[in-house]
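Have a look at the structure below, then the notes.
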Amino acid sequence: MFDEIMEKFEGSPSQQAVIRLLLERGFSVNDDGRVVSGGIEIPNTGIAREIGVDRRVVDSTTDVILADPELRRIFQNISQVPSLMDLAPVLDLTVLTITPDDADQKGIVAGVTGTLAEHGISIRQTISEDPEFTDEPQLYLITDQELSGEVFTAIRELEFVRKMEIQ
């Protein structure tokens with residue numbers, strides 16, 4: 001799906017940058033062509049400054065989104081999910097990041113969460129990046145416990161784990 005969306009903007013790398021930011025941040029486009037998070041409007045100048053493009057690029061991108069029924073449906077229904085990852089150091093939480101060999105493989109989330117459960121580790125939050133929208137999707141698990149070497153090894157031995165990182 002990500003590739004299909006980006007193809008619609010293949011002639012404009014600047015518009016692709018706008019699309020990527022909207023998807024990464026979970027920003028919507030309302031009926032007036034304004035970028036919003038919930039009911040809060042995000043100024044186009046702020047978006048443009050963030051990705052290094054002119055404000056008019058943001059305007060033209062939202063115009064294309066509203067003119068295309070498929071894009072309109074996607075960008076009027078996308079939403080942001082609050083993440084504990086950035087708060088983890090402040091709240092003394094552990095973030096486990098898993099990079100799978102093949103993100104389309106079935107059972108990745110079940111395998112990791114099951115292994116944590118077997119070791120008595122409760123999960124505060126799980127965030128799974130969609131392989132359709134991310135080049136190298138990752139699975140993030142936030143726990144309120146440190147992971148022992150035994151838990152780390154058990155997860156590392158799961159067949160689909162290419163890389164692991166703990167914060």
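Based on DSSP H runs of at least 4 residues, each adding -39500 (n - 2.57), what is the mean residue ellipticity at 222 nm of the chain after dividing by all its residues, to the nearest 500 deg cm²/dmol? If you can, show how the numbers build up before the last one.
Numbers: 8 runs with 70 residues, N = 167.
Helices in the chain give a 222 nm mean residue ellipticity of -11500 deg cm²/dmol.
Any idea what angle helix 55-67 forms with the longest principal axis of the chain, computed on alpha-carbon atoms, 0 to 90 degrees, nearest 10? The answer is roughly 90 degrees. A simple spin-label model places pseudo-atoms 7 Å from Cα toward Cβ; at THR45 and SER128 they are separated by 4.2 nm.
Given a 1.4 angstrom probe, I'd like the percentage of the accessible area of the chain that is carbon and sulfur, rounded to a whole number.
Working: 4390 of 9580 Å².
For the chain, the apolar C and S fraction of the accessible surface comes to 46 percent.
Counting only alpha carbon atoms, the long axis of helix 108-118 and the longest principal axis of the chain meet at about 40°. Counting only protein heavy atoms and a 1.4 Å probe, the chain has 57 square angstrom of accessible area per residue.
The values are calculated or read from the model by the stated rules, or taken from the named source; none is laboratory data. Only a predicted model underlies this, so the values are computations on that prediction, with no experimental measurement involved. Don't worry about glycine lacking a Cβ; one is built from the backbone with ideal geometry, like all the others, and counts go over all protein chains shown. Ligands, DNA and RNA are stripped out before the accessible areas are found, and what is left, the full protein with its side chains, is counted by its heavy atoms. Shrake-Rupley method; radii C 1.70, N 1.55, O 1.52, S 1.80 Å.
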